[in-house]
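Reading through the structure tokens given below for one structure.
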Amino acid sequence: MRRRSLLIAVPAGLVTLAACGDEDSGSSNAGDSATPEASGTSAPPPPKIVDGPLPAITAGTKFDEKPTVAKGSGEPSKDLAVKTVIAGGGKAIAENDFVSANYLGQIWESAKVFDNSYDRKTPLVIQLAQGSIIDGWRYALTGKKTGSRVQFSVPPTWGYGEQGNEQAGIKGSDTLVFVVDVQDTFNAKSSAKGKEVPQDDAALPKVGTNTDGKAPSIELPKADAPKKLVAEYVLEGDGAEVGAQDSVLVQYKGVVWDGGKEFDSTYGRKQLTSFSLQQVVKGWSQGLTGKKVGSRVLIVIPPDLGYGDSPPEGSGIEKDSTLVFSVDILAKM
């Protein structure tokens, strides 16, 4: 099982797509790493952001290379010290965006590395939202551009607080040093950017190919619903393939085959969602497995791979409904 980052809080489960009837549908895939939630009943005040001091990066100085960072010299700042080591020219990051980034974290006083994504060869994808990640990240990365390398030191107030993180070997008095290579950022206006694939089957729904962040259209055919799962590219991306054990960050829209009623949409909520393919209905997990990041996928789910005779209460889905989804796979987590 892939080890998850020490930075993240356990996310809330996705209600509409959550699998029904499976004994392990509510289990966590947290792995063997701590996943601390935000501590305390109120957030600390925003930090003052200063230029330093920050320890030198002595090796791995290029963007997306694993860095080696020197031990901190003297006393660290009581404020949030932030430095843009490499200035990227991409999209600006806003608070509450999801970011994809490689990073290394170590303790100021000892230079002990407690976590890094470079060795896992999988970037962290995380929302810069209160309660999802330590506050130091939210304040240090907001306003930076993709393609940037950002180094910052985080005092306990905006890190793990007085309790520290025992599993990571972080004491309540430790200041943390991070180097973060920001690869991409996603928000409610994000879309798949893949290559259009012909939609030639007249018996299947046609999905819009717009990439402006607005909900794509879903045109249903005057035909009987297929009895088997359909999972076809609408836009084919060039990213990594999604594995059956992966979590994904997506935009999606769902309608019922009979009548075309929309019952769920991230576009309507203006909020992306992420989830493990182990915690959704079988039609989603089977339909997205093997598909590439950056793609838009049409998924048609027959009742036996959807909700069958037990649809979620209040969802507007009737028993034994065939469901139709447009899914933009923005990132693998």
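The values are calculated or read from the model by the stated rules, or taken from the named source; none is laboratory data. Quick caveat: nothing in here was measured; it's all calculated off a predicted structure. Ideal geometry is used to build each Cβ from the backbone, glycine not excepted, and the neighbour counts take in all protein chains shown. These accessible areas exclude ligands, DNA and RNA; they are computed on the full protein's heavy atoms, side chains included. Shrake-Rupley method; radii C 1.70, N 1.55, O 1.52, S 1.80 Å.
Students often get this wrong, so try it: which of [x] 34, 22, 21; [y] 29, 24, 19; [z] 41, 20, 16 is semi-axes √(5λ) of the Cα gyration tensor in Å as calculated from the structure shown?
The value matching this structure is [z].
Sequence gap at least 6, Cα distance under 8 Å: using those rules, report the relative contact order of the chain to the nearest whole percent. Spell out each step's value before the answer.
Numbers: 794 pairs, mean separation 54.9, N = 333.
Relative contact order of the chain: 17 percent.
Can you pull the one-decimal nm distance between simple spin-label points at Ser310 and Ala223, each 7 Å off the Cα toward Cβ?
With each label placed 7 Å out from Cα toward Cβ, I get 3.2 nm.
Over the chain, with the other protein chains present, what is the accessible area per residue in square angstrom, probe 1.4 angstrom? It would help to have the intermediate numbers written out before the result.
Values: 15550 Å² over 333 residues.
The answer is 47 Å² per residue.
Mind checking which of Lys222, Lys193, Lys253 has the largest fluctuation in a GNM of the chain, springs on alpha carbons under 10 Å?
Residue with maximal mean-square fluctuation among Lys222, Lys193, Lys253: Lys222.
Size of the dipole of the chain about the Cα centre, Lys and Arg at +1 and Asp and Glu at -1 on the beta carbon, nothing else charged, in debye to 20? Walk me through the intermediate numbers first.
Details: 36 positive and 41 negative charges, 201 e Å.
In total the dipole reaches around 960 debye.
Which is farthest toward the positive dipole end of the range 150-206 among Ala168, Pro156, Thr185, measuring Cα position about the Cα centre, with Cβ charges +1 (Lys, Arg) and -1 (Asp, Glu)?
Farthest towards the positive pole: Thr185.
Which whole-Hz ³J(HN,Hα) couplings does the range 185-196 yield from phi under the Karplus relation 6.51 cos²θ - 1.76 cosθ + 1.60, θ = phi - 60°, glycine and proline marked x?
Karplus values, whole Hz, x for Gly and Pro: 9, 9, 8, 5, 9, 7, 9, 5, 10, x, 7, 4.
Scan around Gly88 for amide H atoms under 5 Å from its own, H built in the peptide plane at 1.01 Å from N, and keep only partners 5 or more places away or cross-chain.
Distant-sequence amide H within range of Gly88: Lys145, Ser148, Arg149.
Looking at the chain, which longest stretch skips every one of the GluC sites (Glu not before Pro) that is in a DSSP loop with at most 15 other Cβ atoms within 10 Å, leaving the sites themselves out? Working shown, then result.
Details: sites that count: Glu23, Glu37, Glu65, Glu95, Glu109, Glu313, Glu318.
Here the longest run is 110-312.
What part of the accessible area of the range 200-333, given as a whole %, is carbon or sulfur when the probe is 1.4 angstrom?
On the way: 2560 of 5930 Å².
Summing carbon and sulfur atoms, their accessible area is 43 percent of the total for the range 200-333.
Could you point to the residue in Gly287, Val242, Phe263 farthest towards the positive end of the range 229-300's charge dipole, with +1 and -1 charges on the Cβ of Lys/Arg and Asp/Glu respectively?
So the residue furthest toward the plus end is Phe263.
Counting only protein heavy atoms and using a 1.4 Å probe, what share of the accessible area of the range 69-161 belongs to carbon plus sulfur, as a whole percent? Write down the numbers at each step before the final one.
Details: 1640 of 3440 Å².
That share works out to 48 percent.
Given the whole protein assembly as supplied and a 1.4 Å probe, what does the accessible area of Phe63 come to in Å², nearest 10?
So the heavy atoms of Phe63 present about 70 Å² to solvent.
Output wanted: per-residue J couplings in Hz (rounded whole) for the range 171-179, from phi through Karplus 6.51 cos²θ - 1.76 cosθ + 1.60, θ = phi - 60°, x for Gly and Pro.
Using θ = phi - 60°, the values come out as 7, x, 9, 7, 8, 9, 10, 10, 10 Hz.
Take the cross-link list Lys144/Lys195; Lys291/Lys319; Lys195/Lys222; Lys71/Lys171; Lys228/Lys282; Lys62/Lys292 and give me the ones stretching past 24 Å between alpha-carbons. Show your work: numbers first, answer last.
On the way: Lys144/Lys195 29 Å; Lys291/Lys319 28 Å; Lys195/Lys222 27 Å; Lys71/Lys171 17 Å; Lys228/Lys282 12 Å; Lys62/Lys292 27 Å.
From Lys144/Lys195; Lys291/Lys319; Lys195/Lys222; Lys71/Lys171; Lys228/Lys282; Lys62/Lys292, over 24 Å: Lys144/Lys195; Lys291/Lys319; Lys195/Lys222; Lys62/Lys292.
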